[in-house]
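Derivation of every value follows stated rules applied to the coordinates shown; laboratory data play no part. Everything numeric here is computed off the predicted structure, so don't read it as measured data. When we count neighbours, we look across all protein chains shown, and the Cβ atoms used for this are built from the backbone with ideal geometry, even at glycine.
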Amino acid sequence: MAVNMSGEVILAADRERVWAMLNDPEVLKVCIPGCETFELDGENTFQAVARVKIGPVNARFKGKVTLSDIDAPNSYKISGEGEGGIAGFAKGGATVRLEPAEDGGTRLIYDVEANVGGKIAQLGSRLINSVAKKNADTFFAKFAEAVGGGTVVATNVDEAGTAAGEGS
Amino acid sequence: MYAFDYQRPSTVNEAAALLANGSGAKLLAGGQTLIPTMKQRLASPPLVVDLRDVAELRGIDRTNDRLVIGAMTTHAQVAESAVVASTIPGLCNVAEGIGDPHVRHRGTIGGSLANNDPAADYPAAVLALAATIYTNKREIAADDFFQGLFTTALEEDEIITRVSFPIPERFGYAKFPNPASRYAMVGVAVAKGPQGVRVAVTGAGQNGVFRATDMEAALTNAFTPDALKGISVDPSLMNSDIHGDANYRAHLVTVMARRAVQAAAA
Amino acid sequence: MTSTGIGVPVRRREDFRFITGSGQYVDDISRPGQVYAYFVRSPHAHAIIKNIDTSAALNAPGVLAVFTGKDLAADKIGGLICGWMIHSKDGTPMRVGPHPALALEKVRYVGDHVAVVIAETLNQAKDAAELVEVDYEVLPAVVDLARAQDPGQPQIHAEAPNNTVFEWHLGDKDAVDAAFAKAAHVTKLELVNNRLIPNAMEPRAAIGEYDRGQDSYTLYTTSQNPHVARLVLSAFIGIAPEHKLRVIAPDVGGGFGSKIFIYAEETVCVWAARKVGRPVKWTAERTEAFLADAHGRDHLTTAELAVDSSGKILALRVKTKANLGAYLSTFASSVPTYLYAPLLSGQYDIPAIYCEVDGVYTNTAPVDAYRGAGRPEATFVVERLVEVAARELGRDPAEFRMQNFVKSFPHQTPVIMTYDAGDYAACMKKALELADYANFPQRKAESERKGLLRGIGFSAYIEACGIAPSRAIGALGAGVGLWESAEVRVNPIGTVEVLTGSHSHGQGHETTFAQLVSHRLGIPIDQISIIHGDTEKVQMGMGTYGSRSGAVGMSAISKALDKVVAKATKIAARCMEVPEDTVDFNDGVFSARGTNKSMTFGEVALQAYVAHKFDSSEIEPGLKESCFYDPTNFTFPSGVHIAEVEIDPETGVTRIDRWTAVDDFGVIINPMIVEGQVHGGIAQGVGQALLERAVYDSSGQLLTASFMDYCMPRADDLPSFNVAMTNTPCPSNPLGIKGCGEAGAIAAPAALINAITNALGHENISMPATPQAVWRAAQASVRKMAAE
Amino acid sequence: MTQVTMIVNGKSVTAEVEPRTLLVQFLREHLRLTGTHVGCDTSQCGACVVHVDGRAVKSCTTLAVSCDGSEVLTIEGLAKDGQLHPMQEAFREYHALQCGYCTPGMIMAAIDIVNRKGTQLDEATIREELEGNICRCTGYHNIVKAIAAGAAAMGAGEFRQAAE
C-alpha cells in the first residue's frame, strides 16, 4: 500500500551541521524507530535492521539503505527496501532538502513515498497511514533532539492511492 | 503460530516475575487480538503468560464514589453487570458494542486497554470518564496512560490490575462501526462528572484516542447535542483508510458526539 | 402424488448430518499418513523470479519436499487452461499467456504460487516456507483497468500486446447507430461493476493421494464439478488418464462459482502425492482464499439507451472493459462475453443492441464466474439505464418498464437469445402490490419528518440459465458440452439410487432430486438416495453452476425415469399377463385396466431381477436406465425485485426497509428450497451494492484480504425478504423448470442502487454505496434541497 | 508439550498438546470432532463457535491449554439419546442452512443467545446478536426465523436439556 507524506522541520543548527548529521549512520540509527543496526556497506549504502512494533505485531525488517542524488549540503535522496519475512516488505524513498532558516537554523523539507506489501498491507491497511506518520514524527523528533533542538512544522499524509476497486 | 512456552500463574506477582528481565513474554488477557496476530505469525513471543487463573484480577465493585473493574473482567461481564448498570449504565453499552458476543466472552478490559488499539472502544470510555488505571506497580491517570497508537504508559513488566472509574453524573458513548470489522471507525465518549465535561474520541484520530477539547468547552456551557453545532475536529489529524477518509471521519466525530450526548441524557 | 413429490416443501434430507456436525467436508477427511502442503506465494504483483533457493527449507525439520515450477515442468505437467475460446472483432483468437500451476519465470499477482513445501505437519510446512528464498526483480504493475490497455503500460504476458486478451463484440453496430441518430432521448451512464471476492464459507481444500499398486490417483477436492476437474487434470494438465484419476467432491461448503475452476493447489497436491509417496493435504486459510480464489465482476462500462418520443426504447449501446486478472481462469473468457451481452435485452423489446467488450489482463487475481456470472453485470447496465431514462423522461419507472416489456413469445432478441416464455407484466403487477407501491409517497413523507431520506428502486431482470444446447455453445467457443447425465438404478426390493452429474454444495439436490423420483415412481423419499460428487460412482457429469441443475440435471433424471417406467411397465404386463398398452402406472402401482390385477413398483423391480416371468431374449433382466440430456434452449427465469431504503443523511448509512421479490421460475420442485436460493442470492446482491469490494492499491497489493476489511453481509445488514412467485412453465425441458440459484444476485444490485439514487435525488453513486459514498452524495442532495 | 484436561461433550479428555494448539485444532485433530469448522483467520466468521463453560467462544481464537479444566460443548454434543436439540430441529424445520458449513457455529451461537437473552427473541435482537457469525448461503432470513422458533421451543421446556 502506498503512502505519501511530506513535511517540514525547523532545526536549531546550521545547514552544514544538519547535513553532517543526516549523513552520520550513528545518528540515523538512533533516529530511525526500532533501528537495531545501521552499518556502512559500501559507498553511500548501508545495511540496516529495524524492528517494527505495532501493537501486538512485532516484525523485523532487514534491508539496504542508499543515499543518492547527493548535493551537499542542500539535498539528497534516501531510499531503502526491507524484507520483513512473513510480514511482507517495505520500500520507499524520501527526498530531503535543507534551506537556511531564521536565527541560523535550518529548514528541512521532506517528501516521502513509501510502499508496503505482503501481509502487513493485506491485513493492516487501516493502520498504515497512521503508523507511517507516527514513524516520521518520531524520526524527526529524535533528529531534532540530536541536532540540538527543533520543531516539527507539519507532517501531511496524502490520501493513499488505491487503484482497482477504488471508490468512495 | 510459532511455538511458544505457556505459563498460567495464579498471582499477579508470579505473572510479573515471568515478564521480568526483558523475556519478551506476552500476557494473555483474553487473547482476542493476540491470538489472531500470532496465528498470522506477526508476533512470536517466546512465552505466553495466561492470566485467566489470577483471581485478584477479577470482579466488579462499587466503592464510595467509584466503580472498580478488575482487569480480567470480560466485556460480557461488564455488559451484564448490575453494578455497572446502576453506576455507569453507558459503560454497559460500551462493553456490549465491542466485537461480537463470542469475542465479548473472552476479551477483557485490561487486555483492551493494554493493547490501546486506535479503534478500540474502551480507551474512549476510560479517557472520557477520567478513570485511573491501577497496575502491579502504581496508579496511572487515563490522561497519562494513553500515549498514541498502540502505546501506553505501561512498562514491559507492568500488569494492569484494575480500572477505577469516578461515577459521573452523565455518560454516553456513540459508535460508528467499521462495516466489516465492526471496530470503531469513530467512537465518541462523553462524560459529565467530578472532573467536568470530558469528550474522548476513538477510531478517528491518526494517533489513537484523543480528547476533543473544543467540544468539552462547548458542553461545559450547555450539555446538549445542540451545543456541538458547528464544532468539528481538524480533519488533518484524522486517520484515513479504504473505509473512510479524514474528512468523513471528522464529520462523523461531530455526529457521534451529538449522539453520545443524547445517549448520556437519556 | 406423494407427500414427498413435486411442489412440496419437503424438509431437507441432508440437514441431519449438517446440524449434528457429521458432514464430511474435505478438511474433515484425514487420510492415513497424510502430509501437508503450504504454498509460498508472491508478495509482489509483478516480478521476475531470478532465483529460488530451496536448500534451507529442504533441510528444515519434517520437510519431505519443496517443489517449484521447474519440477512440474520437468514432469511435463501442463499449465492451467481456459476452456472457452473467444474471437476478437477482427476474427483473431484470444491472446492467452501461459498459466503454470507454480510460476516459472514471472509472478503476476500478489498470491501467485511460487513454490510448495510439503512436510509432516502444517506448522513444519509453514516454518520451512519461510526459509524458501526467492530473489525477485520487481516490475511495475498494471492494476488500473481503465488504463491497462494504454500504450506504454507494463506488459503482463508477451502473448497479449497491450494486455488485451480480446476485443469482442456482439450485435449490429450500424442498426444501433441509426437508431441513436433518430432518438428523441438518450440516457448515458458510466458504470462500475465492482470487483467481488466470492468467499464461500468453506475455504478451498484438496487431498491428493497416489496408489502405487494400482498406479492410480485420488483427489478429494472442494469442487462444484468433479468430472470437469478430472477431465482438465487428465486431458490438459496431464496428471493421469481419466481411468487412473478419481476425483471426489464430498460435502462442499458453498461455491458460488469459485469452486468450478481448476486451480493450482489441487493440481499440485495430486501431482505431489506421487512424488512424496504420501497423501498430500492442503486447506486454504481465509487470506489465501482472498488472494487466490477467482474473483468476480470488475467491469467498467459506458452504456447508452435511445428512446423515441413515445417512450419506446429503440436501441442500446454498451462498451465494457472486463478485468480478467493476471491469468485466464477456467471459464473467464465466457463470463464478460457470451454470459453478458446476450442478456442486454433484459425484459425489453429492444430492436437494436450493440456491445463491445475488451478482455484485459491486470496484475490482480484471476477473475471468473461468480454467482450470476455476466448476468448481474448485464442486468445492472440495463436496469440502471431504464430506471434513469424513466426518471429523465418524467415517467413512472414501473410504468415505463411495462411499456417496453416483451409481450409475446417466443421473442427473438438482437443478441442471440430466443425468449421462450414469460409474463413480465404479471410479475411487475404482483410486485407493485406486494411492495405497497401505491403508498410509497406516504412512507417517504414519514421518513422525511424523521430527517431521513427514503427511496424505492426496481430491477426487472432476466437471466439465461441451463446454458445450452451443447452444439450451439460449441459454435460460440465453449470447450465442453453442457448436457447432464443421470443413471437411475432400481434395486430388487424397489429402492432407488440416482447417480447424477450435478453436484450439490448447498442446493439440496439430495432432497429435490429425490422428490422428483418419489413423484414419478410413487415411492417414499426414504427409499431413494442421490449419489453425486465421485467420478468412480458417477460416470460423467458437467456439475453445478449457472442455475443448471434443475433444468438440465433433473431433466436427465426425468428422462431416465421415463425409461425405467417404460421397462417396468413391460415387465409388469408380462407378470400380470396382460397386454402392455393396458397397464397404467400411478402412485407407485402398475394396474391392468379392466382387471383387478396390480403390482407395486417394488414387486415389479423384484421381478425384473429374478427374471422368471419374461423372456430375457426379449427383455433384459434388471432395472437400470441412464440418460444424457442436452437441453434444446436456455431457460429464461425472470422477475421483479423492489428495494425500499431509508438513508440517514447525517452518516450516510443505508437501511433496507423492505425487499419484495416476485420471480418466475416455472415449475417448482420444492418451494422452501427455491425461496432459500432467492434469499441467499439477494444477500449477495445486497453485498455487492452496499458492502463488498476488492481493493487493490496501485502497486497491486490486495488491501481487502480478510473479513476485517472485506465487508461480508451480516444478519443486521439485511431485512427479512418478501418473496413470491409467478409460474410460467419453461417449454424447453420436460419438467418446465427454470433456474433459481442466481436470480437474487442478478436482480438485487440494480434494485438497491435505484432505490438509493431515488432517495438521494441524483444518479451519482456507484457500488458499493458505502456510508461515506452515500454521505457525500446526500450532502449534495441536502444542499440542492436547501437551494430549492 | 503441556497436559490439558477438559470435559468435552460430557466426557473427560486428557492430552499432551503443544501450547500453540488452538481449541479448534484440539477438537478437530485430536478428538476428531470435525463438526466445528474454521472459516477465517481473523475471528470474524463464527464457524468455529463452541461453548466453553457455558459461554459461546470462537475456538479458533482460544488456546486449548487455556481451556484446561473447562467444560466444552460442541455441535456433536447437542443431541442427547438420539433426540435432536430443539435448536437443531428448528434449523432443519425452517431451512436455516444450505451448504451447512457455518451451521454448527450458527447453532451454538443461537443457543448462547437463548442462554443470555431468553426464549422470547425478536427479529432485531437475533440479527444484532448474530454479529459474530457469517453465512454466505441463506441471506439469514431463515436463520432468524429458526432461532426465534428454536428459542421458543427451548422455552416450552419439552427438550429443556440445558445446553450446558
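Below are the figures for this structure:
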| quantity | calculated |
| --- | --- |
| Per-residue [θ]222 nm for the protein assembly as shown (sum of -39500 (n - 2.57) over DSSP H runs n ≥ 4, rounded to 500) | -8000 deg cm²/dmol |
| Reach of C:Lys89 by Cα under 25 Å, taken over lysines that are not fewer than 8 positions away in the same chain | C:Lys173, C:Lys188, C:Lys319, C:Lys321 |
| Contact order relative to length of chain C, as percent, for alpha carbon pairs under 8 angstrom and 6 or more apart | 16 percent |
| Per-selection Rg to Rh, the range C:578-617 - Cα, Kirkwood hydrodynamic radius | 0.98 |
| For the range B:161-215, projected area of the alpha-carbon convex hull averaged over all directions, nm² | 5.0 nm² |
| Chain D - share of DSSP beta bridges that are antiparallel (%, nearest 5) | 90 percent |
| Shape of the range B:170-265, Cα gyration tensor, a/c cut at 1.5 | prolate |
| Where labels lie 7 Å past Cα in the beta-carbon direction, separation of A:Glu145 and B:Arg66 in nm | 3.2 nm |
| Sorted by Cβ density within 10 Å, fewest first, the residues C:His762, C:His411, C:His46 | C:His762, C:His411, C:His46 |
| Cα centroid separation, the range C:504-530 to the range C:96-112 (Å) | 43 Å |
| Rg/Rg_ref, chain A, where Rg_ref = 2.2 N^0.38 Å and atoms are Cα | 1.03 |
| Chain C: antiparallel DSSP beta bridges as a percent of all, rounded to 5 | 80 percent |
| Theoretical gain in end-to-end length, C:Leu476 to C:Arg212 [0.36 nm per residue, Cα-Cα removed] | 90.9 nm |
| Selection from B:Ala250, B:Phe210, B:Val261 lying farthest towards where the dipole of the range B:170-265 points positive, charges on Cβ | B:Val261 |
| Peptide A:45-58 - average C-beta neighbours from other chains (10 Å radius) | 4 |
| Hydrodynamic radius of the protein assembly as shown per Kirkwood, over alpha carbon pairs, in Å | 33.2 Å |
| Where a label projected 7 Å from the Cα of C:His612 along Cα→Cβ would reach, residues of the range C:483-498 with amide N under 17 Å | C:492-494 |
| Links that overshoot a 23 Å alpha carbon limit, given the list A:Lys119/C:Lys106; C:Lys182/C:Lys429; A:Lys91/A:Lys119 | C:Lys182/C:Lys429 |
| Cut-off 10 Å between beta-carbons: net charge of the residues surrounding A:Leu123, Lys and Arg +1, Asp and Glu -1 | 0 |
| Between the range C:417-435 and the range A:35-78, the Cα center-to-center distance that results, in Å | 66 Å |
| Residue (of C:Ala743, C:Leu219, A:Gly80) at the positive-pole extreme of the protein assembly as shown, dipole from beta-carbon charges | C:Ala743 |
| Cross-link partners of B:Lys137 among lysines (Cα-Cα below 26 Å; sequence separation of 8 or more within a chain) | A:Lys53, B:Lys26 |
| The range B:1-78 versus the range D:95-164: alpha-carbon centroid distance in Å | 32 Å |
| Chain B, relative contact order [Cα under 8 Å, separation at least 6], % | 16 percent |
| Hz values of 3J(HN,Hα) by residue in the range C:40-47 - Karplus curve (6.51, -1.76, 1.60), Gly and Pro given as x | 7, 10, 6, x, 10, 7, 7, 7 |
| Global geometry of chain C, whether rounded, prolate or oblate, following the gyration tensor of its Cα atoms and the 1.5 cut on a/c | oblate |
| Proxy reagent accessibility, fewest Cβ within 10 Å first, across C:Val276, C:Val674 | C:Val276, C:Val674 |
| Cα-centre dipole for the protein assembly as shown with unit charges at Cβ (Lys and Arg positive, Asp and Glu negative), debye to 20 | 1540 debye |
| Positive dipole terminus of the range C:483-629, leading residue within C:Gln507, C:Gly533, C:Ser547 (C-beta point charges) | C:Ser547 |
| Cross-link reach list, lysines versus D:Lys145, counting only Cα pairs under 26 Å and skipping chain neighbours closer than eight places | C:Lys430, D:Lys58, D:Lys80, D:Lys117 |
| Gaussian network model of chain B, springs between alpha carbon atoms under 10 Å - residue of B:Lys26, B:Lys192, B:Lys175 with greatest fluctuation | B:Lys26 |
| Dipole in debye (nearest 20) - the range A:22-65, about Cα centre, beta carbon charges: Lys, Arg +1; Asp, Glu -1 | 360 debye |
| Relative contact order, percent, the range D:2-77 [alpha-carbon distance under 8 Å, six or more residues apart] | 41 percent |
| For the range C:483-629, size of Cβ-based charge dipole, Lys and Arg +1, Asp and Glu -1, in debye | 120 debye |
